[in-house]
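A.B. asks: Following this message is one structure expressed as structure tokens.
The values are calculated or read from the model by the stated rules, or taken from the named source; none is laboratory data. As the structure is a computational prediction, the values presented were derived from the model and not from experiment. Here the Cβ positions follow ideal geometry from the backbone for every residue, glycine too, while neighbour counts run over all protein chains shown. Keep in mind that these areas ignore ligands, DNA and RNA; they rest on the heavy atoms of the full protein, side chains included. Shrake-Rupley method; radii C 1.70, N 1.55, O 1.52, S 1.80 Å.
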Amino acid sequence: MKITIGADHGGRKLKDAIVRHLEEKGITMTDIGTYSDESVDFPSYAEEVSERVIRGEADLGILCCGTGIGMSIAANKIPGIRAAVVSDCFSAQATREHNNSNVLCLGERVIGEGLALRIVDTWLEAEFLGGRHKRRLDLLEKLEQK
Ligand code: RB5
């Protein structure tokens with residue numbers, strides 16, 4: 001499984017912790033930055049990660065900012081992206097099983113590192129259930145075309 005990850009300055013430390021965590025597990029990562037505390041604009045990072053997912057260069061994307069919210073708003077503007085801001089393990093599992101989310105957004109200022117890493121693991125291990133949920137994703141695709 002290939003993961004692309006990105007963050008703005010508000011999520012950079014959490015992003016770095018996730019990179020270390022996933023590398024220790026042997027998961028292939030591409031870290032597109034940011035790499036310092038200098039203030040940057042989150043939409044550019046959301047766009048880069050999302051487009052890599054859409055082009056098939058990554059199976060899934062992870063985005064970190066202060067809240068996770070700005071990143072999710074930006075990523076969900078890219079057709080084909082289903083980005084979810086998650087702060088608990090139940091939602092992490094449900095958003096893969098029901099929404100087939102392909103981008104996970106996390107807020108460094110909202111949750112601690114331990115919970116964030118548990119959420120990432122839960123999200124990566126869960127699988128889309130298909131069935132009635134597929135019909136709903138098809139309806140989401142129709143909304144994108146409006
Ligand atoms: C940056 O200060 C902050 O606004 C950003 O990280 C994010 O929380 C936006 O949604």
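A.B. asks: Across segment 119-126, in residue order, what do the Karplus-derived ³J(HN,Hα) couplings come to in whole Hz, using 6.51 cos²θ - 1.76 cosθ + 1.60 with θ = phi - 60° and x for Gly and Pro?
C.D. replies: Once rounded to whole Hz, the list reads 5, 4, 4, 4, 5, 6, 7, 6.
A.B. asks: Further, regarding this structure: For residue 82, what residues show an amide H to amide H distance below 5 Å, using hydrogens built from the backbone and excluding near sequence neighbours?
C.D. replies: Here the answer is 102, 103, since their amide H atoms fall under 5 Å of that of residue 82.
A.B. asks: Once you put a point 7 Å from the Cα of residue 13 and another 7 Å from the Cα of residue 128, both along the Cβ direction, what distance in nm separates them?
C.D. replies: 3.6
A.B. asks: Name the lysines eligible as straight-distance cross-link partners of residue 77: C-alpha to C-alpha under 30 Å, and not fewer than 8 places from it in the same chain.
C.D. replies: 2, 13, 15, 134, 142, 146
A.B. asks: Go through 65, 101, 45 and say which Cα lies farthest out towards the positive end of the charge dipole of the chain; charges sit on Cβ, +1 for Lys and Arg, -1 for Asp and Glu.
C.D. replies: Positive-most Cα among the choices belongs to 101.
A.B. asks: Now for a separate question. If amide hydrogens are placed 1.01 Å from N in the peptide plane, which non-local residues have theirs closer than 5 Å to the one on residue 60?
C.D. replies: Amide H neighbours of residue 60: 2, 4.
A.B. asks: So what J values fall out for segment 36-52 if you push phi through Karplus, 6.51 cos²θ - 1.76 cosθ + 1.60 with θ = phi - 60°, rounded to Hz, Gly and Pro as x?
C.D. replies: Per residue, the Karplus-derived 3J(HN,Hα) values read 9, 8, 4, 5, 9, 9, 4, x, 5, 6, 4, 5, 5, 5, 4, 5, 5 Hz.
A.B. asks: Rolling a 1.4 Å sphere over the protein heavy atoms, what is the accessible area per residue of the chain, to the nearest Å²? Display every interim value, and only then the final one.
C.D. replies: Details: 7560 Å² over 146 residues.
Each residue of the chain exposes 52 Å² on average to a 1.4 Å probe.
A.B. asks: For segment 1-125, what does the alpha-carbon gyration tensor say about shape, rounded, prolate or oblate, given a ≥ b ≥ c as the root eigenvalues, a/c under 1.5 as rounded, and a/b over b/c as prolate? Please report the intermediate quantities before stating the final value.
C.D. replies: Details: a/c = 1.20, a/b = 1.06, b/c = 1.13.
Cα axes put segment 1-125 in the rounded bin.
A.B. asks: Would you kindly derive the ³J(HN,Hα) couplings of segment 13-23 from the backbone phi angles with the Karplus curve 6.51 cos²θ - 1.76 cosθ + 1.60 (θ = phi - 60°), listing them in order in whole Hz, with x for Gly and Pro?
C.D. replies: 5, 5, 4, 4, 5, 5, 4, 4, 4, 6, 5
A.B. asks: Also: Using unit Cβ charges (K, R positive; D, E negative) and no other charged atoms, how large, in debye to the nearest 20, is the dipole of the chain about its Cα centre? Walk me through the numbers on the way to the answer.
C.D. replies: Working: 19 positive and 23 negative charges, 130 e Å.
Dipole size: approximately 620 debye.
A.B. asks: OK, next. Only helical DSSP H runs with n ≥ 4 go in: add -39500 (n - 2.57) per run for the chain, normalise by residue count and round the 222 nm mean residue ellipticity to 500 deg cm²/dmol. Numbers along the way, then the final one.
C.D. replies: On the way: 6 runs with 68 residues, N = 146.
Computed mean residue ellipticity for the chain: -14000 deg cm²/dmol.
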